[in-house]
1. Could you check G65 against (1) within 16 Å of ligand 1 (Cβ to nearest atom); (2) modelled with pLDDT of 95 or more; (3) outside any helix (DSSP H, G or I) and say which number it fails?
2. What are the pairs, 6+ residues apart or on separate chains, where a residue within region 304-329 that is open to solvent by 70 Å² or more (accessible area, probe 1.4 Å) has its Cβ under 6 Å from a residue that is of a type outside the set (F, W, Y)?
3. I'd like the residue in region 342-354 that is crowded, with 18+ Cβ neighbours inside 10 Å and either touching a helix residue (DSSP H, G or I) at 6+ places or on another chain (Cβ under 7 Å) or among the β-branched types (V, I, T) (or both) and, out of all such residues, is nearest to K327 (Cα to Cα).
4. If you go through region 29-62, how many residues are surrounded by fewer than 20 Cβ atoms within 10 Å (Cβ to Cβ), assigned to a helix (DSSP H, G or I) and of a type outside the set (A, V, I, L, M, F, W, C)?
5. Tell me the residue from E111, E168, E142, E154 that is more than 25 Å from T36 (Cβ to Cβ), touching a strand residue (DSSP E or B) at 6+ places or on another chain (Cβ under 8 Å) and of a type in the set (D, E), please.
6. Which ones in region 165-177 are out of contact with any helix residue (DSSP H, G or I) (no Cβ under 7 Å at 6 or more places or on another chain) and in a loop (DSSP other than H, G, I, E, B)?
7. Out of all the residues in region 525-549, which are within 20 Å of W464 (Cα to Cα) and surrounded by fewer than 17 Cβ atoms within 10 Å (Cβ to Cβ)?
Amino acid sequence: MKQSTYLSPTLRDIPSDAEVKSHQLMLRTGLIRQSTSGVYSFLPLGLKALQKVEAIIREEMNHSGAQELLMPAIQSAELWQESGRWEAYGPELMRLNDRHNREFALGPTHEEVITTLVRDDVRSYKKLPMTLYQIQNKYRDERRPRFGVLRAREFLMKDAYSFDTSFEGLDESYQKMYDAYTQIFTRCGLDFRAVVADSGAMGGKDTHEFMVLSDIGEDTIAYSDESDFAANIEIAPVVCDYKNSDEPVKELEEKATPEQKTIEDITSFLQIDEKKCIKSVLFIVDDEPVLVLVRGDHQVNDVKIKHVFDAQIVEVATNEETKKWMKCVPGFIGPVRADERIKVVADHAVEYIVNGVCGGNKEHTHLLNVNPGRDFTVNDYYDLRNIQEGDPSPDGKGTIMFKEGIEVGHVFKLGTRYSEAMNATFLDDQGKSKPMIMGCYGIGVSRTLAAVIEQHHDENGIVWPASVSPFDVHLIPVNIKQEDQKQLADELYNQLQGERLDVLYDDRTERPGVKFKDSDLFGFPVRITVGKKAAEGIVELKLRKTGEVIEVHKDELIQTVKGYLR
Ligand code: ATP
Ligand code: MG
């Protein structure tokens, strides 16, 4: 491709509205342009990179045995009413009407469409298992589109759906996708973790998120420094390895603590360790009051509360609710002499507190030397807190560290959530009708591309991994007006292309400094500069990643370039 007529507008300055590196670089290198909030065009260079990611995904999906199809973006409201999601999906669903005022949505995901498709065309167990996938634009009216294509309202997704006759079959289909995803993200050059996640309201069991490690992620991942354990902190289990104390139990005492509401206030006011404090938070769990206790240095985890109570809605009580139940404001509440109708649950660590401190259920008052069992009763002890850095890893290997992550992929066991709602059944080998067992598997294709840039750049621009770089080689004659340089560059351009290498040929009459700056910004793996030694057939080869420069004779060029790209 000749650069003089290529649509690749570069920007010298960092666009002020782009907060993160990948967004800035995608704009500066002319990969994307915003059309309207959260909606982007991919320019030729951006599309080429996107297609490289797509090709890797397609290859690995096909290799896993999945079949590609293409479903419509326009989906009728009736489908969504059948699954019960027309209301439940909420404002993120992009809704529209046709000329007859019938309602439609632009697909944010395709469980409804695929389930009806398979329901209508697959009847016997003999056709199963089956995994279908597509690569297609998705539409979600995100509350906060941001970071360019990392969180867009129109974005490219690969979505796959598996159909099995048994849960064991689903386990296998799931594992195949898990393995394919591992291959895909590895081939894209990403440093990522498959993270155990919360299955939330979708009703499934297992789920993993594929997280690219990054400082701009929206999720916190707890991972082991010695093993491959990784989980979203929402669900990472905490190992209960607290030690018994031999401190003698003292007498309960009431203490005036004016305005000392938070754990920090109390620890400095009383000059005590956070670990002595019993943090008490009143929750409303499906309309019932529940007092949750954790140690002062720990954080309550409401996803775990939700699981413990198998609850739909878990919310911290409002000030009014707290006053109603505890006769006191938050900050001074505690389990001692609390209303008997309130259920009290505590994190395991609380059981080991001796002579602790908690709110006195009276304003500006705390209790000292509080001992669980003696001074208050706990209905049950559970794992109710967030895991923390420095905790032992739940798999027994190493210590927990935290890192932010960008979710690029998601694998999920759906079970019969959609097949039951939409009546997708098959006849088993006894002729009995059963619901199909489903899984769903998504990859944000455009988000993955941005994540690659987020992990692969330096102060001068993008540093593409060869596997997804839009071009393999940037060919730059220092001065195109010099006949020997132009001639050699033309010759090499043809030769490289003949070898099926993707070459961007900078045939512009710009100054060398401008060309090299653009070249660093673009960040293709190999740059070939044709300069002073053109007449001798010698060119300079520079690797974007290491900055290494070597001189090569044109006869050895192809081999050398290919070696580096491998
Ligand atoms: P998130 O928590 O980031 O909103 P999600 O749980 O809504 O993601 P899924 O419904 O599992 O995402 O979609 C599958 C994949 O599509 C995600 O793993 C992610 O890579 C990608 N994706 C989701 N929403 C967006 C978006 N707004 N822009 C770009 N990619 C997205
Ligand atoms: Mg989302």
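The values are calculated or read from the model by the stated rules, or taken from the named source; none is laboratory data. Nothing here was measured: the structure is a model prediction, and the numbers come from that model. Reconstructed Cβ throughout: ideal geometry from the backbone, glycine too, with neighbour counts over all protein chains shown. Keep in mind that these areas ignore ligands, DNA and RNA; they rest on the heavy atoms of the full protein, side chains included. Shrake-Rupley method; radii C 1.70, N 1.55, O 1.52, S 1.80 Å.
1. Every listed condition holds for G65 apart from (1).
2. K306/V314; Q312/D286; I313/D286; E315/I284
3. Only one residue fits best here, namely V344.
4. Of the residues in that region, 6 qualify.
5. None of the other options fit; the residue is E111.
6. Across region 165-177, the qualifying residue is only S166.
7. L543, K545, T546, G547, E548, V549
Conditions tested, residue by residue: (1) assigned to a strand (DSSP E or B); (2) away from ligand 2 (no atom under 15 Å from the Cβ); (3) closer than 27 Å to L31 by Cα; (4) not assigned by TED's automatic domain parsing to the domain that holds D429.
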{"position": "K126", "(1), (2), (3), (4)": "no, yes, no, no"}
{"position": "K138", "(1), (2), (3), (4)": "yes, no, yes, no"}
{"position": "F163", "(1), (2), (3), (4)": "yes, yes, no, no"}
{"position": "D179", "(1), (2), (3), (4)": "no, yes, no, no"}
{"position": "Q183", "(1), (2), (3), (4)": "no, yes, yes, no"}
